[in-house]
Amino acid sequence: MQVYLRALSGVLEQSGFVGLTWGNVVMIVISAILLYLAIGKGFEPLLLVPISIGCLLVNLPLSGIMDEGGFLKYISFGIEHEIFPIIIFMGIGALTDFGPLLANPVTFLLGAASQLGVFVALLGAVALGFTVKEASPIAIIGGADGPTTIYVAAKLAPHLLGATAVAAYSYMSLVPIIQPPIIRLLTTKQDRRIRMEQLRAVSKRERVLFPVISTLLAGLILPASVPIIGMLMFGNLLRECGATDRLSLAAQNEILNATTIFLGICVGATMDAAVFLTPATIKIVLLGLIAFAFSTAGGVLFGQVMKVISGGKINPMIGAAGVSAVPMAARVVQRVSQKEDPGNFLLMHAMGPNVAGVIGTAVAAGVMITLLS
């Protein structure tokens, strides 16, 4: 009997219950909440499910999963050295149709206006005691761009990677909840009922030249943005050139899906209780919400300016799609417009500023990295 008791005691001493802290318990609960939002509510499940599982794994004590030689320690190489975010951008490029942007280039300005939240959050973070380097990935949350947030955090503030990435992806998943009230607040019913003319057809030559020229300009004007914009445009070139269909499909599917899994788990693995449960995390989450709200508002308000300049031909709501959440923000604009006028189709018009927002956030990240690295 004593032998069995000693064996049981030895097992218990090596079990995770011994090292379990209240912080681990809190993070396990947060992991469960993220799983519920992803599976039960359908909020960005492709990312929140891996993130929540990574959070769960890293908060199970004594597993050694993040120790030297541990499973996640090896995989995290891809996030620590910005490999996963860059591959994600290639996949996004392969999935993205830049046609609406090329058909109506003026929507580039809406994408730029939607970076307002980035600079509001940057100033707010510095005012709350963060360094400028720490404030940079916090600011990018305002662009609703998870991969760019991770990229900037890995470059400038690796210790904030978990908090900023979770905040960015959480707000990306909450786009359908956060944006509609802001859109309605800044537009009238008459604004929301404005119908826009059908976009012109974009030639194959334009579609092929756009990613090449964009990469050249990015490299010459803002070299720090090349890893992001270059891979985004490379993915898009695979899609549009017509000679690399197999590579395009691989970038859109197998490569992107596998990278998304590893990226999500690694982000979740940064949510260790000792690092994540700090006052700084609360500040980051609040600043991210403020940034995202200001980005949406900036796009809509500039949309109002463009409505006036165009003589009422531009629906100001499409400015809300200037954040980088592709294509969710554009779909939100479409749903809001059809509640006012079921026959109004703004989706393709909203996709212009939506993809412009991806480029705008990448440019903002490049400026920050250039100035602060």
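A few remarks follow.
- No other residue among 303, 312 is in contact (Cβ under 8 Å) with a residue 40 or more places away in the chain and under 16 Å from residue 352 (Cβ atoms) apart from 303.
Quick grid of which residues meet (1) open to solvent by 40 Å² or more (accessible area, probe 1.4 Å); (2) of a type in the set (Ser, Thr, Tyr):
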site	(1), (2)
100	no, no
103	no, no
107	no, yes
112	yes, no
117	no, no
123	yes, no
128	yes, no
138	no, no
142	no, no
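- The criterion of being open to solvent by 50 Å² or more (accessible area, probe 1.4 Å) and within 18 Å of the chain's Cα centre (by Cα) does not hold for residue 354.
- Residues that are under 16 Å from residue 187 (Cβ atoms) and open to solvent by 20 Å² or more (accessible area, probe 1.4 Å), drawn from the range 269-296: 293
- Selected residue [over 16 Å from residue 183 (Cβ atoms) and of a type in the set (Ser, Thr, Tyr)] from 296, 278: 278
- Among helices (runs of 4 or more DSSP H) entirely within the range 91-145, having at least 1 residues that are farther than 18 Å from residue 171 by Cβ and of a type in the set (Val, Ile, Thr) singles out 107-113, 116-127, 132-140.
- The test for being in a helix (DSSP H, G or I), out of contact with any Pro (no Cβ under 6 Å at 6 or more places or on another chain), over 30 Å from residue 204 (Cβ atoms) and not aliphatic (A, V, I, L, M) holds for residue 281.
- For residue 342, the test of being farther than 20 Å from residue 291 by Cβ and within 19 Å of the chain's Cα centre (by Cα) is failed.
- Single residue of the range 39-48 satisfying the filter (under 21 Å from residue 84 (Cα atoms) and open to solvent by less than 50 Å² (accessible area, probe 1.4 Å)) that is modelled with the lowest pLDDT: 44
- When residue 324 is tested against the conditions (1) surrounded by fewer than 21 Cβ atoms within 10 Å (Cβ to Cβ); (2) closer than 17 Å to residue 90 by Cβ; (3) at pLDDT below 90, the lone failure is (1).
- Flag if residue 247 is under 28 Å from residue 115 (Cα atoms) and of a type in the set (A, V, I, L, M): no
- Residue 271, sole failed condition from (1) part of a helix (DSSP H, G or I); (2) under 23 Å from residue 44 (Cα atoms): (1)
- Residue in the range 148-170 that is out of contact with any Gly (no Cβ under 8 Å at 6 or more places or on another chain), outside any helix (DSSP H, G or I) and closer than 18 Å to residue 329 by Cβ present: no
- Highlighted here are the helices (runs of 4 or more DSSP H) found entirely within the range 172-260 that include at least 1 residues which are in contact with a Cys (Cβ under 9 Å, 6 or more places away or on another chain) and open to solvent by 20 Å² or more (accessible area, probe 1.4 Å): 204-221.
- Reported count of residues in the range 85-98, each being crowded, with 22+ Cβ neighbours inside 10 Å and farther than 10 Å from residue 232 by Cα, is 2.
- Residue match in the range 331-346 (condition: assigned to a helix (DSSP H, G or I), β-branched (Val, Ile, Thr) and either out of contact with any His (no Cβ under 9 Å at 6 or more places or on another chain) or on the phi > 0 side of the Ramachandran plot (or both)): yes
- Condition broken by residue 55, with the remaining ones in (1) under 15 Å from residue 264 (Cα atoms); (2) open to solvent by 30 Å² or more (accessible area, probe 1.4 Å); (3) over 16 Å from the mean Cα position of the chain (by Cα) satisfied: (2)
- Some residue of the range 63-79 being modelled with pLDDT of 75 or more, more than 20 Å from residue 158 (Cα to Cα) and open to solvent by 30 Å² or more (accessible area, probe 1.4 Å): yes
- Here 320, 291, 356, 362 are screened, and the one residue that is over 23 Å from residue 99 (Cα atoms), among the small types (Gly, Ala, Ser) and part of a helix (DSSP H, G or I) is 291.
The values are calculated or read from the model by the stated rules, or taken from the named source; none is laboratory data. Keep in mind that this is a model prediction, so the values were computed, not measured. Positions of Cβ are backbone-derived with ideal geometry, glycine not excepted, and every protein chain shown enters the neighbour counts. These accessible areas exclude ligands, DNA and RNA; they are computed on the full protein's heavy atoms, side chains included. Shrake-Rupley method; radii C 1.70, N 1.55, O 1.52, S 1.80 Å.
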